[in-house]
Amino acid sequence: MTTFPSRDEAERVARILVDEHLAACIHLLPKGVSIYRWEGRLNITEEVTLLIKTTARAYAALEQRLRALHSYTLPEIVALPVMDGLPDYLTWVAAAVSEG
């Protein structure tokens, strides 16, 4: 999961990650509001959230590529564990990521 300051940047990066087989699918959520403290100041900004579907095996490469493409100095890049899921869907994710 990560966030971007604009839909254009989010979509550009999402296309690259899927095209390079680092992600099977990326879901862009509409702009939400983030409230956070950065460099001692309270900030309120609109951001687009990306839910990135990948595998544990591909995560390190995805993280490295995402850091290189991201405009933020310190982007939110977090992995959430998948405890279970529809087996056919998880198989599709693994196949889509390993095609590259």
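Every condition in (1) closer than 13 Å to Met1 by Cα; (2) modelled with pLDDT of 95 or more; (3) not charged (D, E, K, R) is met by Asn43 except one, and the failing one is (1). One residue alone among Val93, Val48, Val82 is hydrophobic (A, V, I, L, M, F, W, C), closer than 22 Å to Arg7 by Cβ and over 10 Å from the mean Cα position of the chain (by Cα), and that residue is Val48. In region 16-46, the residue that is surrounded by the most Cβ atoms within 10 Å (Cβ to Cβ) out of those that are small (Gly, Ala, Ser) and not in a strand (DSSP E or B) is Ala23. Summed over region 51-79, residues that are aromatic (Phe, Trp, Tyr) and either over 13 Å from the mean Cα position of the chain (by Cα) or over 24 Å from Ser98 (Cα atoms) (or both) total 1. Within region 55-88, if we keep just the residues that are assigned to a helix (DSSP H, G or I) and among the small types (Gly, Ala, Ser), the residue that is surrounded by the most Cβ atoms within 10 Å (Cβ to Cβ) turns out to be Ala61.
Scan region 47-54 and give yes if some residue there is surrounded by 15 or more Cβ atoms within 10 Å (Cβ to Cβ), polar (S, T, N, Q) and either at pLDDT 95 or above or on the phi > 0 side of the Ramachandran plot (or both), otherwise no. Within region 47-54, one or more residues are surrounded by 15 or more Cβ atoms within 10 Å (Cβ to Cβ), polar (S, T, N, Q) and either at pLDDT 95 or above or on the phi > 0 side of the Ramachandran plot (or both).
The values are calculated or read from the model by the stated rules, or taken from the named source; none is laboratory data. Please read all numbers here as calculations on a predicted model, not as lab measurements. Don't worry about glycine lacking a Cβ; one is built from the backbone with ideal geometry, like all the others, and counts go over all protein chains shown.
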